[in-house]
1. If we sort 216-228, 111-123 on the protection proxy, mean other Cβ atoms within 10 Å, highest first, what's the order?
2. Report, in listed order, any pair from Lys90/Lys181; Lys181/Lys262; Lys22/Lys114; Lys24/Lys57; Lys51/Lys157 with a Cα-Cα distance greater than 29 Å.
3. Quick one: what are the phi-derived ³J(HN,Hα) couplings along region 90-101, Karplus 6.51/-1.76/1.60 with θ = phi - 60°, whole Hz, x for glycine and proline?
4. For Val239, list long-range residues whose amide hydrogen, built 1.01 Å from N in the peptide plane, is under 5 Å from its own amide hydrogen.
Amino acid sequence: MTEEPTRRKRAGHGDDSIYWDKSKNRYVGAVSLGYAPSGKRRRPKVTGRTKAEVRQKIRELRKELARGAKAPANYTVAQAVNDWIAQGLKGKGDTSIGTYRSLANNHVIPQLGKGRLRDLEADDVDEWLEDRAEVLATQSLRMVLAILRRSITHAQKRGRATQNVAELVELPDGQAGRPSKSLSLQQGEAVLRAKEGTWIHAYVVLSLLVGVRPEEARPLTWKHVHLAESGSGKPHVDVWRSVRRHGDTKTRKSRRSLAMPKQAALVMKAHRVRQKAECLAAGEAWTDDRLVFPTETGERRDATNVRRNFRALLREAGFEDPGVWTTRELRTSFVSLLSDHGIPIEVIARLVGHSASGTTERVYRKQLRPVISEGAEAMDDIFGNDEQRAEKAPEHG
């Protein structure tokens with residue numbers, strides 16, 4: 001009697017299956033994972049030239065599933081990074097998102113993006129960091145590593161990765177970075193004389209003589225600038241807002257009211273008179289809700305616009321290379337000049353809105369000098385005219 005050939009048992013519902021796909025010219029293995037909430041069937045697939053290769057890939061996929069992640073075979077590092085930027089940064093400001101996007105596009109995706117996330121190893125991340133350390137400062141290097149780590153964590157939470165290999169590496173030292181600098185007294189005097197009668201002159205005066213941050217000066221409104229014209233109180237500015245999300249200042253201690261030196265108060269008063277006249281000439285109603293340093297259309301200036309105008313002012317002040325200066329260094333100069341004048345670090349920390357003097361010392365270490373005394377009207381003493389200095393000079397009888 002002839003024995004009939006044994007028929008292959010058909011895969012049951014919910015079983016894994018292997019079949020030949022003529023269009024791909026490969027074997028395909030499918031793993032059944034039930035149904036998604038949308039009702040769509042979940043069947044991740046793997047391919048291979050032989051059934052043995054496909055069986056091995058199915059076993060590996062099953063191991064990953066047992067560890068709680070699907071780790072799609074073709075999910076790349078670039079996809080993980082882009083998904084994190086698109087979904088994992090909700091609530092962040094546009095500036096922060098732009099910074100992450102720029103770093104990712106320039107230092108993560110070009111080097112690692114094409115590789116599959118499931119194939120990424122700690123050695124790959126180490127080699128990438130060593131390469132980036134040749135061109136990035138340590139702080140920037142720390143940020144690009146954080147982007148990779150957070151992108152993989154985001155993928156893990158969505159079942160697209162198992163181990164976060166970026167957590168297994170150590171951060172190497174990057175480049176020294178751009179050293180901060182401050183204006184000398186002579187440079188400060190030249191800056192305070194340049195472009196008088198313009199908004200950028202008033203911006204520089206407020207930043208250099210009061211010490212507000214760039215992100216605090218740009219959203220400043222006139223209702224937060226008190227010129228004490230009635231004779232009551234001292235001219236001061238309320239630094240209560242910034243361009244950060246929700247308008248909050250950098251820290252709780254950053255929300256502060258700062259007295260203005262006489263020179264700053266005079267410049268701000270003249271600036272408001274000019275701005276108010278322009279407003280009335282245009283037939284618009286004046287309110288103190290207007291920005292102190294608006295664009296021609298009344299909107300808030302961006303950092304690039306302010307930086308470009310600041311460098312034009314430096315050029316007029318006689319600086320040979322204005323491009324190496326940033327508006328943030330007006331604040332550095334504020335700290336440096338006060339320290340040179342003998343103001344204690346604890347007082348400077350309060351003025352610049354640091355939560356503790358340790359932050360001031362760490363950030364501005366090169367600008368700070370040992371001090372033992374405190375001055376009340378330091379900026380009037382530093383930049384005041386001869387008459388103001390004479391008022392403070394002791395009489396000799």
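Only the coordinates and a few stated rules stand behind these numbers; no lab work does. Just so it is clear, the structure is predicted and the values come from calculations on it, not from any experiment. Counting neighbours? That spans all protein chains shown, and the Cβs are built from the backbone with ideal geometry, glycine included.
1. Numbers: 216-228: 19.2, 111-123: 16.1.
Averaged packing, sorted descending, gives the order 216-228, 111-123.
2. Values: Lys90/Lys181 35 Å; Lys181/Lys262 26 Å; Lys22/Lys114 27 Å; Lys24/Lys57 17 Å; Lys51/Lys157 32 Å.
Result: Lys90/Lys181; Lys51/Lys157 exceed 29 Å.
3. Once θ is set to phi - 60°, the couplings for region 90-101 become 4, x, 7, x, 4, 5, 5, 4, x, 5, 4, 4 Hz.
4. Arg256, Ser257, Leu258
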